[in-house]
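Reviewing the structure listed below.
The values are calculated or read from the model by the stated rules, or taken from the named source; none is laboratory data. What you see is a predicted model, and the numbers here were worked out from it, not measured in a lab. As a convention, Cβ positions derive from the backbone with ideal geometry for all residues, glycine included, and neighbour counts pool all protein chains shown. Note: areas computed on protein heavy atoms with side chains; ligands, DNA, RNA excluded. Shrake-Rupley method; radii C 1.70, N 1.55, O 1.52, S 1.80 Å.
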Amino acid sequence: MDTAARRREPRQERSRATRRRLLAAAVECLAESGVSGSTVGAVAERAGVSRGAAQHHFRTREDLFTAALRHMSERRMAELRGRAEALPEGPERTEAVVRMLVDAFSGPEFSAAVQLWAAAANDPGLRAHVIPLEEYVGREAHRAALDLLGVDESAPGVRETVQATLDLARGLGLANLLTDDHARRQGIIAQWARMLERELGRG
């Protein structure tokens, strides 16, 4: 490796590290302060970088927010797939998968996404960024659910059933934002898993 290449490598790694800090800080700011309280300056300060550095990586606030949620969603889906080998077989697997999917719609990442959705409802500029992101996240979540459940969506009703499972998971995540819905949620997960087993022809 020549001298110029050796100099570039640390700089490139520093740039990647700065980007990662900005993405994580954007999610934290959104989850805690909402869109109105999450300026580029606030995100940059939380990330420990200058505003100029933040704008070097992300031209607009919308670019920063959508990149942050895409990154976090990709990481969450990768984590789900990485846990597939540890899943049990049979009916217990179905309930374990439903539980994993419900858990995916929780935490700071989900709270940040909700803040972004709410703001996008009344902001056409932001909505133009959020809709493609949601379409991408929805496709990836659907594929992950199919893989984890081990089902073929070409079979009648499977696609709709899996999507209903994801919609349920999102709804339970929303209910849990305001109050601790853990106890009620456990019963719903168990019942939905039994229904899902029957609907997929495995019960």
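Determine, yes or no, whether Pro108 is open to solvent by 70 Å² or more (accessible area, probe 1.4 Å) and in contact (Cβ under 8 Å) with a residue 60 or more places away in the chain. I'd like the intermediate steps shown before the answer.
Numbers: open to solvent by 70 Å² or more (accessible area, probe 1.4 Å): yes; in contact (Cβ under 8 Å) with a residue 60 or more places away in the chain: yes.
So Pro108 passes the test.
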Exercise. Just one of (1) under 21 Å from the mean Cα position of the chain (by Cα); (2) in contact (Cβ under 8 Å) with a residue 24 or more places away in the chain trips up Gly48, so point out which.
Key: (1)
Practice problem: Being open to solvent by 30 Å² or more (accessible area, probe 1.4 Å), among the small types (Gly, Ala, Ser) and either over 14 Å from Ser15 (Cβ atoms) or not in a helix (DSSP H, G or I) (or both) is the filter here, so list the residues in the range 43-59 that pass it. | Solution: Gly48, Ser50
Practice problem: Please find, among Arg70, Arg46, the residue that is out of contact with any strand residue (DSSP E or B) (no Cβ under 6 Å at 6 or more places or on another chain), within 30 Å of Gly150 (Cα to Cα), at pLDDT 90 or above and not aromatic (Phe, Trp, Tyr). | Solution: Arg70
Exercise. Please state which one of Glu62, Glu74 is touching a residue at least 60 places away in the same chain (Cβ under 8 Å), acidic (Asp, Glu), closer than 30 Å to Asp167 by Cβ and surrounded by fewer than 18 Cβ atoms within 10 Å (Cβ to Cβ).
Key: Glu74
Quiz item: Applying the selection to the range 160-193, what residues are open to solvent by 70 Å² or more (accessible area, probe 1.4 Å), over 19 Å from Met77 (Cβ atoms) and without any contact (Cβ under 8 Å) to a residue 40 or more places away in the chain?
Solution: Glu160, Leu178, Thr179, Asp180, His182, Ala183, Arg184, Gln191
Practice problem: Please name all residue pairs, on different chains or six or more residues apart, with Cβ atoms under 7 Å, provided the first residue is in the range 130-155 and is within 11 Å of Thr66 (Cα to Cα) and the second residue is of a type in the set (A, V, I, L, M, F, W, C) and open to solvent by 40 Å² or more (accessible area, probe 1.4 Å). | Solution: Val130/Trp117
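Among the residues of the range 30-42, what is the count of those that are in a loop (DSSP other than H, G, I, E, B) and open to solvent by 30 Å² or more (accessible area, probe 1.4 Å)? So that I can check it myself, show each step before the final result.
First, pick out the residues of the range 30-42 that are in a loop (DSSP other than H, G, I, E, B): 34-39.
With open to solvent by 30 Å² or more (accessible area, probe 1.4 Å) added as a condition, the list becomes 36-37, 39.
Residues that pass the stated criteria total 3.
With respect to Glu95, determine if the residue is open to solvent by 70 Å² or more (accessible area, probe 1.4 Å) and either in a helix (DSSP H, G or I) or within 19 Å of Arg170 (Cβ to Cβ) (or both). Please lay out each step first, then the result.
Details: open to solvent by 70 Å² or more (accessible area, probe 1.4 Å): no; either in a helix (DSSP H, G or I) or within 19 Å of Arg170 (Cβ to Cβ) (or both): yes.
Considered against the rule, which asks whether it is open to solvent by 70 Å² or more (accessible area, probe 1.4 Å) and either in a helix (DSSP H, G or I) or within 19 Å of Arg170 (Cβ to Cβ) (or both), Glu95 comes out as no.
Out of Leu101, Leu87, Leu80, I need the residue that is at pLDDT 90 or above and either among the charged types (D, E, K, R) or open to solvent by less than 60 Å² (accessible area, probe 1.4 Å) (or both). Which one? Talk me through it step by step, then tell me what you get.
On the way: Leu87 fails: at pLDDT 90 or above; Leu80 fails: at pLDDT 90 or above.
From the options Leu101, Leu87, Leu80, the qualifying one is Leu101.
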Practice problem: Could you list, in sequence order, all residues of the range 118-131 that are of a type outside the set (Val, Ile, Thr) and either in a loop (DSSP other than H, G, I, E, B) or surrounded by fewer than 18 Cβ atoms within 10 Å (Cβ to Cβ) (or both)? | Solution: Ala118, Ala121, Asn122, Asp123, Pro124, Gly125, Arg127, Ala128
